[in-house]
Amino acid sequence: MVLNTAVTATIGSVLITLQFSSLVIAWWRMRSGVLRDEVHETSEFIVLVRPLCGHNAFEEETMRSSFYQDYPAYEIVFCVASRFDPVIPLVEKLMAEFPDKPARLLIGDDKISANPKVNNLNKAWSNTTAGVVAMADSNLLLPPDYLRSLANTFDSQTGLVSSPAVGMIPENLWGAVEAAMLNTHQARWQYLSDFLGNGFAQGKTLCWRREVLDNGGGMAALGSELAEDVASTKLVRRAGLKVRLPAQPFVQPIGHRSLEAVWSRQLRWARIRRAGFFWLFVPEIIMGFLPALAAVVWLTLRGDLPLFAAPVLFVLWYGGEWALAKALGWPHQLRDILAMCIRDILLPALWLWCWTGRGFTWRGTILGEGHLSKKQPVSASQHSGK
């Protein structure tokens, strides 16, 4: 029992220390990144590529943000797979509204991989010679300094600049849960990893140096894994370079969500991580509040901690996450604390359910490790990265 107590105390201490140190480091990393970004400038020409399919919530706002970049030298390329896509009139309207901004609409579907998003993006890559290409999912709301922030992140050791999204404008509780997943959980851990010099790509933003991707096999190489961000991370590391994150992550408007939508999206991402980075995925079972709470409760029942230890841990744990969200301007209402609690209940359930299969259904399309089922139609959301 003494050994069990020592092991439990050690595990609990490590989890609690990791929780609070990661909050501080993530905050420091994002704040110091902003200060660094303010004193560095670049004007290298960039092509901004946005894969589209379908007309979705916030579509006009996110597309319009492409035209408000304060970067001095860039071109916008919209990619659509089908000439019948309902988003085309919106793109044409915005291009006419901003005639002073260089912009093109490319239509066609290049079957270079099993990944429909990669296929949709390929025509943009083939139709530009720019040295830097920034690929931004259509549901990202780009701030005016988006391109400047990406360009300023590059250094001699950087092959790719990528960024997680932060969820904003949640319109119901499950939307807040989605934001809690994206913000104080996923974005925090990605910025911690970047701080440690081991950044990972996230498909919402992929800003490439052309020679790095071309030398690694070109766009087709991004279809070699279940997701293009996993393939991107491995390609950059094989080249002896790093994936770096910009000063701060960029906004994805959330809107209304359902439990089913949150579960299916998080399960999809969990299986992608399991397939792409197995040994990093395995310890995810101890992430979140519940494992630390279990250790504290066990030690309390053993008489090694006072009865108020668990309530104090609860207040400090979620108080820390709330403080990070408030400091960075992320959602931080009382509802968001409840959403963080729900998120941490879902995390172990998602981890366990992830092992029940290798593939998943994504809006009517069945995907497996590295392959799309040819028996199912490709959904609109896959082309745009939603």
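The values are calculated or read from the model by the stated rules, or taken from the named source; none is laboratory data. Worth saying up front: this structure is predicted, and the values here are computed from it rather than measured. Cβ atoms come from the backbone with ideal geometry, glycine included; neighbour counts cover every protein chain shown. Side chains are part of the model used for accessible areas, which takes the heavy atoms of the whole protein and leaves out ligands, DNA and RNA. Shrake-Rupley method; radii C 1.70, N 1.55, O 1.52, S 1.80 Å.
Out of all the residues in the range 205-235, which are of a type in the set (Val, Ile, Thr), part of a helix (DSSP H, G or I) and within 15 Å of the chain's Cα centre (by Cα)?
If we filter the range 205-235 for residues that are of a type in the set (Val, Ile, Thr), which is where we start, we get 205, 212, 230, 233.
From the residues that got through so far, the ones that are part of a helix (DSSP H, G or I) too are 212, 230, 233.
Across the range 205-235, the qualifying residues are Val230, Thr233.
Test Asp137 against the criterion of being modelled with pLDDT of 95 or more, among the charged types (D, E, K, R), under 30 Å from Pro72 (Cα atoms) and touching a Lys or Arg at 6+ places or on another chain (Cβ under 9 Å), and give yes or no.
yes
Picking from Trp189, Trp263, which residue would you name as being farther than 23 Å from Ser32 by Cα, in contact (Cβ under 8 Å) with a residue 12 or more places away in the chain, under 17 Å from the mean Cα position of the chain (by Cα) and surrounded by fewer than 19 Cβ atoms within 10 Å (Cβ to Cβ)?
Trp263
Met63: buried (at least 19 other Cβ atoms within 10 Å of the Cβ), more than 25 Å from Glu211 (Cβ to Cβ) and touching a helix residue (DSSP H, G or I) at 6+ places or on another chain (Cβ under 7 Å), yes or no?
Values: buried (at least 19 other Cβ atoms within 10 Å of the Cβ): yes; more than 25 Å from Glu211 (Cβ to Cβ): yes; touching a helix residue (DSSP H, G or I) at 6+ places or on another chain (Cβ under 7 Å): yes.
The answer is yes for Met63.
Looking only at residues in the range 86-125 that are out of contact with any strand residue (DSSP E or B) (no Cβ under 9 Å at 6 or more places or on another chain), more than 23 Å from Gln69 (Cα to Cα) and open to solvent by 80 Å² or more (accessible area, probe 1.4 Å), which one is modelled with the highest pLDDT?
Pro86
Determine which single condition Leu307 fails, assuming it passes every other condition in (1) of a type in the set (A, V, I, L, M); (2) in a loop (DSSP other than H, G, I, E, B); (3) crowded, with 17+ Cβ neighbours inside 10 Å.
Here Leu307 clears every test but (3).
In the range 143-157, how many are open to solvent by 10 Å² or more (accessible area, probe 1.4 Å) and either under 25 Å from Asn56 (Cβ atoms) or touching a helix residue (DSSP H, G or I) at 6+ places or on another chain (Cβ under 6 Å) (or both)?
Counting residues in the range 143-157 that are open to solvent by 10 Å² or more (accessible area, probe 1.4 Å) and either under 25 Å from Asn56 (Cβ atoms) or touching a helix residue (DSSP H, G or I) at 6+ places or on another chain (Cβ under 6 Å) (or both) gives 4.
Based on this model, can you work out whether Arg302 counts as open to solvent by 40 Å² or more (accessible area, probe 1.4 Å) and closer than 30 Å to Phe154 by Cβ?
For Arg302, the condition - open to solvent by 40 Å² or more (accessible area, probe 1.4 Å) and closer than 30 Å to Phe154 by Cβ - is not met.
Determine whether Gly276 is farther than 30 Å from Glu225 by Cα and not aromatic (Phe, Trp, Tyr).
no
Would a scan of the range 31-44 turn up a residue that is at pLDDT 95 or above, open to solvent by 10 Å² or more (accessible area, probe 1.4 Å) and out of contact with any helix residue (DSSP H, G or I) (no Cβ under 9 Å at 6 or more places or on another chain)?
Checking the range 31-44: not a single residue is at pLDDT 95 or above, open to solvent by 10 Å² or more (accessible area, probe 1.4 Å) and out of contact with any helix residue (DSSP H, G or I) (no Cβ under 9 Å at 6 or more places or on another chain).
Taking Leu141 as the residue in question, decide whether it is touching a residue at least 60 places away in the same chain (Cβ under 8 Å) and within 20 Å of Val236 (Cα to Cα).
In short, no.
Scan the range 268-284 and give yes if some residue there is at positive phi and either touching a Lys or Arg at 6+ places or on another chain (Cβ under 9 Å) or of a type in the set (Phe, Trp, Tyr) (or both), otherwise no. Give the steps one after another, and end with the answer.
Of the residues in the range 268-284, the ones at positive phi are none.
No, that holds for no residue.
Quick one: would you say Leu290 is open to solvent by 50 Å² or more (accessible area, probe 1.4 Å) and either among the aromatic types (Phe, Trp, Tyr) or touching a helix residue (DSSP H, G or I) at 6+ places or on another chain (Cβ under 7 Å) (or both)?
It is true that Leu290 is open to solvent by 50 Å² or more (accessible area, probe 1.4 Å) and either among the aromatic types (Phe, Trp, Tyr) or touching a helix residue (DSSP H, G or I) at 6+ places or on another chain (Cβ under 7 Å) (or both).
For Ala247, are the conditions met, namely being open to solvent by less than 50 Å² (accessible area, probe 1.4 Å), at pLDDT below 95 and out of contact with any Leu (no Cβ under 8 Å at 6 or more places or on another chain)?
yes
In the range 346-361, which residue that is open to solvent by less than 40 Å² (accessible area, probe 1.4 Å) and under 20 Å from Asn115 (Cα atoms) is modelled with the lowest pLDDT?
Within the range 346-361, the match that is modelled with the lowest pLDDT is Phe360.
Enumerate the strands (runs of 3 or more DSSP E) found wholly within the range 69-151, keeping only those where 2 or more residues are farther than 16 Å from Lys204 by Cα.
In the range 69-151, the matching strands (runs of 3 or more DSSP E) lie at 74-80, 103-107.
Quick one: count up the residues across the range 329-345 that are aliphatic (A, V, I, L, M), surrounded by fewer than 20 Cβ atoms within 10 Å (Cβ to Cβ) and touching a residue at least 12 places away in the same chain (Cβ under 8 Å).
Of the residues in the range 329-345, 4 are aliphatic (A, V, I, L, M), surrounded by fewer than 20 Cβ atoms within 10 Å (Cβ to Cβ) and touching a residue at least 12 places away in the same chain (Cβ under 8 Å).
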